[in-house]
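Step one of this worksheet: look at the structure below.
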Amino acid sequence: MNKDIKILWDDLHQELYRFILSRVKNEEDSKDILQEVFIKALTKIDTLKDTSKLTSWVYQICRNVVLDYFRKKQTLKEDHIDIEFPEEAKEDNTYTKLSTCINGKISSLSEKYKEAILLTSFKDYSQLQLAHDKNISYSGAKSRVQRAKNLLKEDILDCPNVVTDANGKIIDFLE
């Protein structure tokens, strides 16, 4: 069980932290909320019936904890909560499908771009660390990361089930 907890933490903590921070806008409160999410997930893991829905289940816990945070702070009126959350997980597991889609797009990048995006976006490498580890200039590392992001965005925008707004920003993922 401890190994499963570590895997869950490794896979989700950075992504959940960014999700929480984008809504709460306070680093310390975001860290506290993240800790509360994992405590709830660990204490309620036995209620999860379908392990293939683990990520969606944890995100639902996260959404609920963030809403509880705002209710406690009373910064929003209970009848007027304008926090934008992704749709709740459906039986078809949309979040898992989207993650699989994005992972596939990352895998299709050339090795140098794949490595640049994985290290800087998911492993908390700075572009300076990337430059040092790959023995390239700092400006070269910055260019590589930017190019990788642009290639990934182009790949994702080419998907027929991705919906964008007038500015080309992704706003939805359809099945």
| Exposure ranking of Asp29, Asp124 by accessible area [1.4 Å probe, largest first] | Asp124, Asp29
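Report, to the nearest whole %, how much of the accessible area of segment 1-67 belongs to carbon and sulfur atoms, 1.4 Å probe, protein only.
On the way: 2170 of 4010 Å².
After summing per-atom areas, the C and S share lands at 54 percent.
For Asn103 and Tyr138, calculate 0.36 nm times their separation in residues minus their Cα-Cα distance, and state this gained length in nm to one decimal. Provide the component values of the computation, followed by the final result.
Values: separation 35, 0.36 × 35 = 12.60 nm, distance 2.64 nm.
Extending this stretch completely gives an extra 10.0 nm.
Would you tally the net charge around Asp29, using a Cβ to Cβ cut-off of less than 11 Å, leaving Asp29 out, and scoring K and R as +1, D and E as -1? The partial results should precede the final answer.
Numbers: positive: Arg23, Lys25, Lys31, Lys72, Lys73; negative: Glu27, Glu28, Asp32, Glu36.
Residues near Asp29 contribute +1 overall.
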| task | Anything over 30 Å Cα to Cα? Flag those among Lys112/Lys169; Lys40/Lys142; Lys53/Lys142, in the order listed. | result | Lys40/Lys142; Lys53/Lys142
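The values are calculated or read from the model by the stated rules, or taken from the named source; none is laboratory data. From a predicted model like this one, the values you see are computed outputs, not experimental measurements. Cβ sites come from the backbone with ideal geometry, for glycine too, and all protein chains shown count toward neighbours. These accessible areas exclude ligands, DNA and RNA; they are computed on the full protein's heavy atoms, side chains included. Shrake-Rupley method; radii C 1.70, N 1.55, O 1.52, S 1.80 Å.
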